[in-house]
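The structure appears right after this line, and notes come after that.
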Amino acid sequence: MPEGLLDRSHVVLLYAGTVLLLLAGNELGYRTGRWRRQHMPEGEKTSSTAIQGSTLGLLAFMLAFTFGMAVSRFDARKQLVLDEASAILRAHQRIQLLPQPQRGACSSLLQEYVTLRLQTAAVRSIAEIEPLLKRSESIQQSLWQEAAALTERPTPVLNLFLQSLSELTDLQLKRVRAGVWNRLPTAIVATLYGIAFLALTAMGYGAGLADSRTAIPSVMLILTFSAIIVLIVDLDRPRQQLFRVVQEPIADVARRIGVEP
């Protein structure tokens, strides 16, 4: 999945751009309201105030809705790290029960697999992840080939090892899906920005109609809304800058199986 503009942007630039967008909407609404005030029909001011409140309420609802979605996806990524660490440790323990030479070959492959997992957590773009994922898939294939060499004499230990290999394959697919593909739909993020722009425009329009601008509260509201929007976007990105999916479980497993983190 190619990285979009929001994925590549630094969080500071993203926040500044969001603030400027909402400031522009507020200023546009204020200037339009002041111009309209000169030709304002009776009762329009009351109507605009009601619309302003409704739009801000809709924005608050959208922020809560999308923030909840982003947090749930972030929590799922953290849980998958813990699940994969447990699966790798189980695979290592079961490998020690295999006969030679499969025991030594599988141990080396699993150690390289864990090293790739630690390297994947440190990369800064999706493009850098792709070769690491391909090598991980190659290691999984090699582990299956080592297991296949033992299928002529099946044992309970071999069955447990095959189960561990299935878990590793499934968890890699889940982590890639959760980190790269299972994202907030672009339409929802675009709608969130659109509603925020229109809500601040409506607020500025109401201030223009009343010819009473409250600059400091408006700026504070813009800064607050912008911060929440940026938090949502950063939580949803494959490579977060404000948040981090803790990799300590994988690092701890690496230490236990003899890999230097």
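The values are calculated or read from the model by the stated rules, or taken from the named source; none is laboratory data. Small disclaimer: the values here were computed from a predicted structure and weren't measured. No Cβ is skipped: glycine too gets one built from the backbone with ideal geometry, and neighbour counts run over all protein chains shown.
Based on this model, can you work out whether S166 counts as surrounded by fewer than 20 Cβ atoms within 10 Å (Cβ to Cβ), free of Cβ contacts under 8 Å to residues at least 24 places away in the same chain and either touching a His at 6+ places or on another chain (Cβ under 6 Å) or not in a helix (DSSP H, G or I) (or both)?
Criteria not met by S166.
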Take the residues in the stretch 1-50 that are loosely packed, with under 13 Cβ neighbours inside 10 Å and among the β-branched types (V, I, T), then tell me which one is modelled with the highest pLDDT.
-> V12
With respect to I195, is the statement that it is within 26 Å of T66 (Cβ to Cβ), of a type in the set (V, I, T) and surrounded by fewer than 20 Cβ atoms within 10 Å (Cβ to Cβ) true?
-> yes
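On the basis of being surrounded by fewer than 20 Cβ atoms within 10 Å (Cβ to Cβ), modelled with pLDDT of 85 or more, under 21 Å from the mean Cα position of the chain (by Cα) and within 30 Å of Y15 (Cβ to Cβ), does V189 make the cut?
Values: surrounded by fewer than 20 Cβ atoms within 10 Å (Cβ to Cβ): yes; modelled with pLDDT of 85 or more: yes; under 21 Å from the mean Cα position of the chain (by Cα): yes; within 30 Å of Y15 (Cβ to Cβ): yes.
The answer is yes for V189.
Just the residues that are of a type in the set (A, V, I, L, M) and either under 22 Å from A16 (Cβ atoms) or outside any helix (DSSP H, G or I) (or both), please, taken from the stretch 169-217. Give the steps one after another, and end with the answer.
In the first step, residues of the stretch 169-217 are kept if they are of a type in the set (A, V, I, L, M); the result is 171, 173, 176, 178, 180, 184, 187-190, 192, 195-196, 198-200, 202-203, 207, 209-210, 215-216.
Those that are of a type in the set (A, V, I, L, M) and either under 22 Å from A16 (Cβ atoms) or outside any helix (DSSP H, G or I) (or both): L184, V189, A190, L192, I195, A196, L198, A199, L200, M203, A215, I216.
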Among (1) assigned to a helix (DSSP H, G or I); (2) surrounded by fewer than 17 Cβ atoms within 10 Å (Cβ to Cβ); (3) touching a residue at least 60 places away in the same chain (Cβ under 8 Å) - the single one L97 does not satisfy | (1)
Does the stretch 198-208 contain at least one residue that is surrounded by fewer than 21 Cβ atoms within 10 Å (Cβ to Cβ), modelled with pLDDT under 90 and of a type outside the set (G, A, S)?
-> no
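Yes/no matrix, rows are residues, columns are (1) in a helix (DSSP H, G or I); (2) closer than 23 Å to R237 by Cα; (3) touching a Cys at 6+ places or on another chain (Cβ under 6 Å); (4) without any contact (Cβ under 8 Å) to a residue 24 or more places away in the chain:
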position: E112; (1), (2), (3), (4): yes, no, no, no
position: L116; (1), (2), (3), (4): yes, yes, no, yes
position: L132; (1), (2), (3), (4): yes, yes, no, yes
position: Q141; (1), (2), (3), (4): yes, no, no, yes
position: Q145; (1), (2), (3), (4): yes, no, no, yes
position: E152; (1), (2), (3), (4): no, no, no, yes
position: L158; (1), (2), (3), (4): yes, no, no, no
position: F161; (1), (2), (3), (4): yes, no, no, no
Which condition number does I250 fail, the rest of (1) more than 13 Å from the chain's Cα centre (by Cα); (2) outside any helix (DSSP H, G or I) being met?
-> (2)
Pairs under 7 Å by beta carbon, first residue at pLDDT 80 or above in the stretch 245-261, partner of a type in the set (S, T, N, Q) and not in a loop (DSSP other than H, G, I, E, B), six or more apart or different chains?
-> I257/Q111; G258/Q111
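Going by the structure shown, is A187 free of Cβ contacts under 8 Å to residues at least 60 places away in the same chain and hydrophobic (A, V, I, L, M, F, W, C)? First the steps, then the outcome.
On the way: free of Cβ contacts under 8 Å to residues at least 60 places away in the same chain: yes; hydrophobic (A, V, I, L, M, F, W, C): yes.
Against the criterion (free of Cβ contacts under 8 Å to residues at least 60 places away in the same chain and hydrophobic (A, V, I, L, M, F, W, C)), A187 qualifies.
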Return a yes/no flag: does the stretch 163-182 have any residue that is within 30 Å of F65 (Cβ to Cβ) and among the small types (G, A, S).
-> yes
Collect the residues in the stretch 89-134 that are under 18 Å from L165 (Cα atoms) and of a type in the set (G, A, S), keeping them in residue-number order.
-> A91, G104, A105, S107, S108
